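Visitor: Take this structure, written in C-alpha cells, and hold onto it; I'll ask about it next.
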Amino acid sequence: MAKKTFKGRVVLSGKVTGKATVSRQAFNTSGSYIENMFAGNTETAPCTDSSNKELYGKDISGAILCTPTTVGSTMGGMCLMGMKSIGVGPEALLFSKPIDTLAAAGVLMADIWKDQRIVTIDMLGDEFLKTVKTGDPIAIHEDGTVEVG
Amino acid sequence: MKRRDFVKTLPAAALLPIAVNVTAENAEAADAAQAGAGTKHSGKSPQQPKGFSVANKTHDDSGAYDTVHCDQFGIDSEGNPIAEGLSGTGSDAGLKEHDPDNPHKMKLTQEEQDILDGSKGPVMAKVLKTIVMHGELFGAERLADCGGAPHSSLYTGGPWVEPVLEMFEEIADAGLKAHAPYTVNPMPLDLYSVGQDPVKRNMMLDGYPMQGRLIQVHTRLGARPLDVWSCACYVPEVGNTAKPGTVVAWAESSAVNYGNSVLAMRINRMATGMEVLCAIAGKVPVFGVLTDEGRKAKWHIDVRLSKEPHWGALGGAVGTKVVEQIPYISGIDQWIPMEDGKPDLVAMGKLKAFGSSTASSGAVGLYHMEKVTPEAKEQGRKLLADDYQTYVIDDAELARVMGNFKNLWKDPDGDPTSVYLGCPHNTYDEIFYWSKKIDKAIKESGQEKVAIPVVMACSIVVRNRLLDEHPILLRDVLRAGVQFTTICTPAYQGLKGMADIDRGVTNSNKARFYSRLRLFGDDDLLQIAMTGKLPA
C-alpha cells in the first residue's frame with residue numbers, strides 16, 4: 001500500500017515502529033484486560049471485551065493501538081499503568097479523536113511516576129482510522145507524525 | 001502439562017474463542033499478535049520485566065466481569081461503534097483543536113509555579129506536574145482549589161494495582177497527605193460476614209493479596225477510618241458532602257454522579273489515581289463539568305411512564321442511550337419525595353439507584369432532573385443545550401430495555417443461592433426498609449430463617465445507626481440470616497470462580513451490569529429470599 005502520513009498532537013513523544021492493531025470502536029481499556037487484571041495472566045493479553053468484534057480474543061500485548069479514544073470504567077487509567085508495568089500494555093496509543101481523561105491519566109501516571117512510556121498521539125483525525133488496518137506497518141515520529149504503510 | 005504452560009505454547013490464533021469465526025478480518029489477528037513482539041521503541045523505556053504471577057489461572061473464566069463488564073462498551077444500544085463526543089469527562093466542553101506550534105498552556109499562580117519548580121519538594125512537584133499536564137490536554141485554563149473532602153475509588157488490592165500503590169507510597173514516604181481527611185470506596189473483601197464461608201474467604205484473599213498494603217497507604221495519606229469506607233460517601237452517617245458549587249477531588253462513578261447531580265457539587269469523572277493526586281495537591285484542573293458550559297444537557301429524557309419505575313432499570317435505559325452526555329430528565333418528579341425543597345432520605349435511595357445505573361450502563365457524571373435537582377430547579381429547561389436530542393421513555397420502551405437484561409448464570413435454570421441488596425451501599429433508610437420487610441415476612445411465615453443468605457451492603461456507621469435506633473429489629477434479622485457487610489458487591493462477585501458457585505439476585509442494576517447477578521423487584525426478591533426459588 002502507498003504510504004500515508006498523518007499529524008496529531010503529541011501527548012507523550014517517542015519513536016516507535018511496528019504493526020497496527022486497530023479498534024474502530026472506542027477501546028474499552030479495563031474491559032479488554034480483564035484476564036490480566038483478575039486472572040493473573042502476565043504472558044499474553046487476549047482482549048476480553050466481547051463487544052469489540054475486531055479485537056475480542058486477540059493478543060493485544062505490546063500493541064500499537066489505533067482507536068478513536070478509550071472508554072470504560074474509571075479503573076481504565078490505572079489499568080494502562082498496571083498493564084505497562086507487568087509487560088502486556090500497549091507500546092503506543094494512536095487516537096483519531098482527542099484523548100479521553102482515563103487514558104490521559106494512565107499514560108501520564110505511568111510516565112511521570114514509573115518512567116514507563118506509552119508513546120501517545122491524539123487528534124490524528126477520522127481519516128487516519130479510515131486508512132489504517134490491523135497489520136499495517138506504522139512508524140511514529142517524535143513530532144507526532146504517524147506514517148501508515 | 002499445566003494449563004498455563006499449555007496456553008503459553010499455543011499460537012496466537014489458538015487464543016481465539018471457538019465462537020469466533022476465522023475470517024479475513026480475524027486473520028489480521030495474527031498480525032496483531034505479532035505486532036507487539038515486533039515493535040521497536042526508542043521512547044523512554046521498553047517493556048519491563050514481568051511483575052507477578054497468580055496460581056490457578058483459568059483462561060475460560062477470568063471472573064464475573066468477563067462479558068458483562070464496565071461503564072461503557074464503546075457501542076451504542078443498537079450495537080454500533082460510538083466515538084463521537086466521548087471525552088471521559090461527561091462533557092464535551094474540552095479542547096477540540098490544537099496548534100502544534102502553540103500548545104495549550106494553563107495559567108498558573110506564582111505559588112503553583114513555585115511548587116512545580118520544587119518549592120515543596122520533588123514529590124509534590126511530580127504530583128502537580130501530573131495534574132497540570134492532564135488539565136492542559138483538556139483545555140483547562142487554571143487550577144481550582146479543592147473544597148470539601150476527597151473520595152478515592154482505589155479500593156481493590158489486586159496484583160495489577162501495584163504501580164499505583166507504589167506511586168501512593170512514594171507520596172506518603174515524602175510525608176505528604178491529602179488536603180482533608182478523605183473517604184474511600186468499600187473494600188472488596190469482608191472476612192467476618194460473607195467471608196464466614198471458607199471457600200469464599202480464600203477466594204477473597206487470593207483475589208486481593210495487596211489489600212492490607214492498600215489500606216496502609218490510604219491510612220498514611222489521611223484516609224478516615226474503615227467504618228466510613230463506602231461508595232455512598234454522601235449519606236448523612238458518612239457525611240462526605242459539601243455545599244453546591246464546591247469543587248472536590250472524587251472518583252467512583254456513582255458518587256461523582258450523585259455529587260454533581262443531587263448535591264450540585266462540581267466534580268469531573270476522574271480516573272482512579274488522579275483523584276488522590278488532586279487530593280494531595282488540593283488542586284483540580286478546571287474543565288468539563290467544572291465549567292458552566294460543561295453542565296449543559298445534550299439530551300432531554302422525556303419520561304412518560306404510567307407507574308413508578310424500577311429506578312435502576314430507568315437509569316440503565318438513560319445511560320445506554322446518552323453514554324456520557326448529560327441528560328435532562330422530565331416527567332419523573334412525582335415519585336421523588338422532597339423535604340425543605342430537597343430530595344428526602346427515601347428519595348436519596350431512588351436517586352442513588354437511578355444515577356449509579358446511568359453511570360454504569362453509560363458513563364453519566366451529571367444529570368439534571370426537573371423540579372428535583374438543584375440546578376434544574378433553578379434554571380429549568382434553560383439547561384438544555386441548543387442542539388439537544390430527545391429520548392422518550394414510556395412503558396413499552398422501559399420494557400424493551402429490561403427485556404435485554406440477560407440471564408448470565410452459569411446454570412441458567414438453577415435456583416438462586418444468594419440475594420444481594422445495595423449497590424451502591426445502602427442508605428440507613430434502605431436497611432431499615434429491608435429489615436422491616438424481611439422481619440415481617442419471617443414472623444408471618446413461621447420460618448426461623450430466610451431460605452438463602454441475604455447480603456445487605458452498607459458502611460459500618462450506617463449499620464450502627466440501625467443498632468442504635470432499632471436494636472431488636474437488627475437482632476432479629478441477623479438471627480434470620482441477613483448478613484450485614486461492608487463489601488463492594490461487584491468486586492466480590494467479580495472474583496475468579498464466584499460465578500461457578502453463586503447464582504445471585506439483586507435489586508441493583510449497577511451490580512447486575514458489573515456481574516452475573518440477575519435483577520428483580522423488591523417483592524420478588526423477598527419471595528426469593530424466603531423460598532430460595534424464583535417467582536413462577
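Visitor: I'm trying to understand the selection: among the residues of segment A:99-149, which are more than 7 Å from every other protein chain (Cβ to nearest Cβ), assigned to a strand (DSSP E or B) and not polar (S, T, N, Q)?
Guide: The answer is A:Ile121, A:Asp122, A:Pro137, A:Ile138, A:Ala139, A:Ile140, A:Val146, A:Glu147, A:Val148.
Visitor: Under 7 Å by Cβ, and 6 or more places apart or on different chains, what pairs join a residue from segment B:160-188 that is part of a strand (DSSP E or B) and buried (at least 23 other Cβ atoms within 10 Å of the Cβ) with one that is among the β-branched types (Val, Ile, Thr) and at pLDDT 95 or above?
Guide: Listed by first residue and then by second, the contacts come to B:Thr183/B:Val228; B:Thr183/B:Val238.
Visitor: Report, by residue number, each residue of segment A:61-83 that is facing another protein chain (nearest Cβ under 7 Å), in contact with a strand residue (DSSP E or B) (Cβ under 9 Å, 6 or more places away or on another chain) and hydrophobic (A, V, I, L, M, F, W, C).
Guide: A:Ala63, A:Ile64, A:Val71
Visitor: Which of the residues belonging to segment B:356-384 are farther than 25 Å from B:Thr506 by Cβ, of a type in the set (A, V, I, L, M, F, W, C) and in contact with a Phe, Trp or Tyr (Cβ under 9 Å, 6 or more places away or on another chain)?
Guide: Matches in segment B:356-384: B:Ala376, B:Leu383, B:Leu384.
Visitor: Any chance segment A:74-92 includes a residue that's assigned to a loop (DSSP other than H, G, I, E, B), at pLDDT below 90 and more than 20 Å from A:Ile140 (Cα to Cα)? First the steps, then the outcome.
Guide: Narrowing segment A:74-92 to residues assigned to a loop (DSSP other than H, G, I, E, B): A:74-75, A:87-91.
Narrowing further to those that are at pLDDT below 90: A:74-75.
Right, trim to more than 20 Å from A:Ile140 (Cα to Cα) and you get A:74-75.
Yes - at least one qualifying residue is present in segment A:74-92.
Visitor: If you take the residues of segment B:223-271 that are charged (D, E, K, R) and crowded, with 23+ Cβ neighbours inside 10 Å, which of them is farthest from A:Ser73 (Cα to Cα)?
Guide: My answer is B:Arg266.
Visitor: Quick check on my filter: what residues within segment B:190-216 are surrounded by 18 or more Cβ atoms within 10 Å (Cβ to Cβ), in contact (Cβ under 8 Å) with a residue 40 or more places away in the chain and either in contact with a strand residue (DSSP E or B) (Cβ under 8 Å, 6 or more places away or on another chain) or over 24 Å from A:Ile86 (Cα atoms) (or both)?
Guide: Selection gives B:Asp190, B:Val194, B:Lys200.
Visitor: Okay, moving on. Could you figure out which of (1) outside any helix (DSSP H, G or I); (2) without any contact (Cβ under 8 Å) to a residue 40 or more places away in the chain; (3) more than 7 Å from every other protein chain (Cβ to nearest Cβ); (4) surrounded by 24 or more Cβ atoms within 10 Å (Cβ to Cβ) isn't true of A:Lys53?
Guide: (4)
Visitor: Could you run through segment A:34-50 and say how many residues are more than 7 Å from every other protein chain (Cβ to nearest Cβ) and modelled with pLDDT of 90 or more?
Guide: Restricting attention to segment A:34-50, the residues satisfying the condition of being more than 7 Å from every other protein chain (Cβ to nearest Cβ) are A:45, A:47, A:49.
Right, trim to modelled with pLDDT of 90 or more and you get A:45, A:47.
Result for segment A:34-50: 2.
Visitor: Checking B:Leu116 against (1) crowded, with 22+ Cβ neighbours inside 10 Å; (2) over 25 Å from A:Met37 (Cβ atoms); (3) within 13 Å of chain A (Cβ to nearest Cβ), only one condition comes out false. Which one?
Guide: (1)
Visitor: Conditions first: (1) within 26 Å of B:Gly365 (Cα to Cα); (2) touching a strand residue (DSSP E or B) at 6+ places or on another chain (Cβ under 9 Å); (3) surrounded by 24 or more Cβ atoms within 10 Å (Cβ to Cβ); (4) of a type in the set (Gly, Ala, Ser). A:Gly8 passes all but one, so which condition is the exception?
Guide: (1) is the only condition that A:Gly8 fails.
Visitor: Same structure, new question: Among (1) buried (at least 20 other Cβ atoms within 10 Å of the Cβ); (2) of a type outside the set (D, E, K, R); (3) under 26 Å from B:Val289 (Cα atoms), there is one condition B:Gly157 misses while meeting the rest; what is its number?
Guide: (3)
The values are calculated or read from the model by the stated rules, or taken from the named source; none is laboratory data. Just so you know, these numbers come straight off a predicted model, no measurement behind them. Glycine also receives a Cβ, built like all others from the backbone with ideal geometry; neighbour counts cover every protein chain displayed.
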